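First the structure, in the form of structure tokens, and then the observations on it.
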Amino acid sequence: MNPKLLTTRWQQLPENTVRRLQAQKLQGYLRDVVLPFSAYYRELFRSNGLTADMIRSLDDLRRLPFTSKTDLLNTPDHPQRMRDFLLVPDQQVLAHRGSTVLRALLSGREHVRKGFEAEFRPIFMTSTTGRSAEPVPFLFTQHDLTNLALAGQRLFETCGGQREMRLLNMFPYAPHLAFWQTHYGGVAFGVFTASTGGGKVMGTEGNLRLIDKIKPDVIIGMPTFIYHVLHQAAELGLRCENLRRIVVGGEKIPEGMRRKLVNLAFELGARQTDVVATYGFTEAKMAWGECPCGPDETSAGYHSYPDLGVFEIINPKTGETVPPGTPGEMVFTPLDSRGTVVLRYRTGDFIDGGLVYEPCPHCGRRAPRLVGNISRSSEVKEMRLDKIKGTLVDFNQLEHVLDDAEHVGAWQLELRKRNDDPLEVDELILHVHKSDGIRPDKLIRDLNNQFVARTEIHPNRIIFHDADEMRELQGVGVQLKEQKIVDNRKQNAPRESRRKDDDVAAVPEVRPVETTEVCK
Ligand SMILES: [Zn+2]
């Protein structure tokens, strides 16, 4: 079967064909691209007695050990860890390939040299964010940027984009995937896109000005930031009647938050707005989206691109792959990546509906879909709350409680030490902006009940704020990402030890790709 089908008909193939073609592509990718040029995977395969030829089906992927976040961090033994994950082409290997010789004969050496440059020379990067770990840089070659654009184009198609729409990209301008996925996707799709850079670049006012000027059909960005901007727009009496779609990413989006965004769009005069979510991560170098569905329908999940990567869902405790439609942790393996490459990457993200192959009930596409709610385990682990009545609190649960709660607009959960004394017990303080005229004592009672029902604890205090105070607390227009959960327990610690969210990753030293010798 022609492996190109996986690309030309990426959204039309049945499960068994997808899996067979993915396995075929994976084997070639490992044999010709990853193993010859990746220091890390060459050694990993060698020490596990594996070769590319042993990976014949997607089930054989299980023989390959996972790669986790911790594998990417520098250690005293590996002070430049990310270099080991960078594909560095070996000129001898490339020069002796039959395909290279043939291409040189047909199109000339210069053509071959340029081709290898485009394939292997890193020219762009994004990096991970995270409260606990140092940012990790992921390098892209021109080949990767072409795939980023392709993924973006498909993402726009999946999310129901149309070329005559006007888009406002409100993702923060930074070396982070979300901004650049939107930028390259917009260019490849051929749709008008204005990028504000988020709150930190233009301030909330700048974003409001552009909404007023452009009257976008689609707003794309992080849900919390869009919430603040639209809330302020409504307060100022701005109109944006043609706002048809809000595309969110970078944070999870509970049902309640979708409802709030639709209600705010209604206040701006938009009569039919839907919210679609996207999911992506630095290590995959791409993002996936939901297709639009009616207000009373359930989302069909994130539509993946089977020619660009393989998802597996695993039981996070045993590491075993689970059957389709079963909840578990998402594991990703790229099929056409260059630059920085990680295989069988454990995302640390759980999806409660698993991976399914059936045609999408809304749009009919047959691409593998990731269905259900995603919770990021990394966010939970970084924020253990172990001293409040000895209960371990799941912050994913609390976020859902608050985003879904009636009468709650913006909110922030603050952890601090009682009386700011480092030896004292932890306190949990909830800051809330009420979205309507409900009596404060009633809302406090409701929230306490919901907290106890979902997590067995309740906040020590609930403090009400107006919209301005809430924006200031969350750092809207100041922080790269709005602060919904803050840990002030270490506020007496020296400032340098507290990481900022937008630290730019150190770029590993990159050996230039010399391809001039290849064709000799
Ligand atoms: Zn669909």
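How many residues, within region 405-415, are charged (D, E, K, R) and surrounded by fewer than 19 Cβ atoms within 10 Å (Cβ to Cβ)?
Number of matching residues: 1.
Only one residue in PHE179, PHE140 is touching a residue at least 40 places away in the same chain (Cβ under 8 Å) and at negative phi. Which one?
Exactly one of PHE179, PHE140 is touching a residue at least 40 places away in the same chain (Cβ under 8 Å) and at negative phi, namely PHE140.
Which one of the conditions (1) of a type in the set (Asp, Glu); (2) crowded, with 18+ Cβ neighbours inside 10 Å; (3) modelled with pLDDT under 85 does GLU382 fail to meet, given that it meets all the rest?
In the conditions (1) of a type in the set (Asp, Glu); (2) crowded, with 18+ Cβ neighbours inside 10 Å; (3) modelled with pLDDT under 85, GLU382 misses (2) alone.
Quick one: in region 440-475, of everything that is assigned to a loop (DSSP other than H, G, I, E, B) and in contact with a Ser or Thr (Cβ under 8 Å, 6 or more places away or on another chain), which residue is least open to solvent (accessible area, probe 1.4 Å)?
ILE457
In the list GLN153, GLN162, GLN92, which residue meets the criterion of being modelled with pLDDT of 95 or more and part of a helix (DSSP H, G or I)?
Result of the check over GLN153, GLN162, GLN92: GLN153.
Could you go through region 125-146 and let me know if any residue there is among the small types (Gly, Ala, Ser) and either open to solvent by 80 Å² or more (accessible area, probe 1.4 Å) or over 30 Å from THR193 (Cα atoms) (or both).
yes
Does any residue in region 437-454 that is more than 14 Å from GLY409 (Cα to Cα) come within less than 6 Å, Cβ to Cβ, of a residue that is open to solvent by 90 Å² or more (accessible area, probe 1.4 Å) and hydrophobic (A, V, I, L, M, F, W, C) six or more places away or on a different chain, and which pairs are these?
none
How many residues, within region 296-324, are within 16 Å of the ligand (Cβ to nearest atom), assigned to a loop (DSSP other than H, G, I, E, B) and open to solvent by 10 Å² or more (accessible area, probe 1.4 Å)?
So the count comes out to 3.
So is LEU6 part of a helix (DSSP H, G or I), surrounded by 12 or more Cβ atoms within 10 Å (Cβ to Cβ) and touching a Lys or Arg at 6+ places or on another chain (Cβ under 7 Å) or not?
It is true that LEU6 is part of a helix (DSSP H, G or I), surrounded by 12 or more Cβ atoms within 10 Å (Cβ to Cβ) and touching a Lys or Arg at 6+ places or on another chain (Cβ under 7 Å).
If you scan region 325-358, which residues turn out to be over 21 Å from ALA23 (Cα atoms) and assigned to a loop (DSSP other than H, G, I, E, B)?
Result: THR326, PRO327, GLY339, ASP352, GLY353.
Output the number of residues of region 161-184 satisfying the condition of being out of contact with any helix residue (DSSP H, G or I) (no Cβ under 9 Å at 6 or more places or on another chain) and within 19 Å of LEU210 (Cα to Cα).
Summing the residues that are out of contact with any helix residue (DSSP H, G or I) (no Cβ under 9 Å at 6 or more places or on another chain) and within 19 Å of LEU210 (Cα to Cα) in region 161-184 gives 3.
Can you name the residue in region 273-293 that is among the polar types (S, T, N, Q) and under 14 Å from the mean Cα position of the chain (by Cα) and, of all such residues, is farthest from the ligand (Cβ to nearest atom)?
Step by step, filter region 273-293, then rank; the result is THR282.
So ALA233 ticks every box in (1) more than 16 Å from the ligand (Cβ to nearest atom); (2) among the hydrophobic types (A, V, I, L, M, F, W, C); (3) under 20 Å from TRP288 (Cα atoms) but one. Which box is left unticked?
Every condition holds for ALA233 apart from (3).
Working carefully through the options GLY206, GLY280, find the one that is surrounded by fewer than 24 Cβ atoms within 10 Å (Cβ to Cβ) and free of Cβ contacts under 8 Å to residues at least 24 places away in the same chain.
That would be GLY206, the only listed residue that is surrounded by fewer than 24 Cβ atoms within 10 Å (Cβ to Cβ) and free of Cβ contacts under 8 Å to residues at least 24 places away in the same chain.
The values are calculated or read from the model by the stated rules, or taken from the named source; none is laboratory data. Computed from a predicted structure; not experimentally measured. Please note: Cβ atoms are built from the backbone with ideal geometry, for glycine as well, and neighbour counts cover all protein chains shown. Remember, those area values only see protein heavy atoms, side chains included, never the ligands or the DNA or RNA. Shrake-Rupley method; radii C 1.70, N 1.55, O 1.52, S 1.80 Å.
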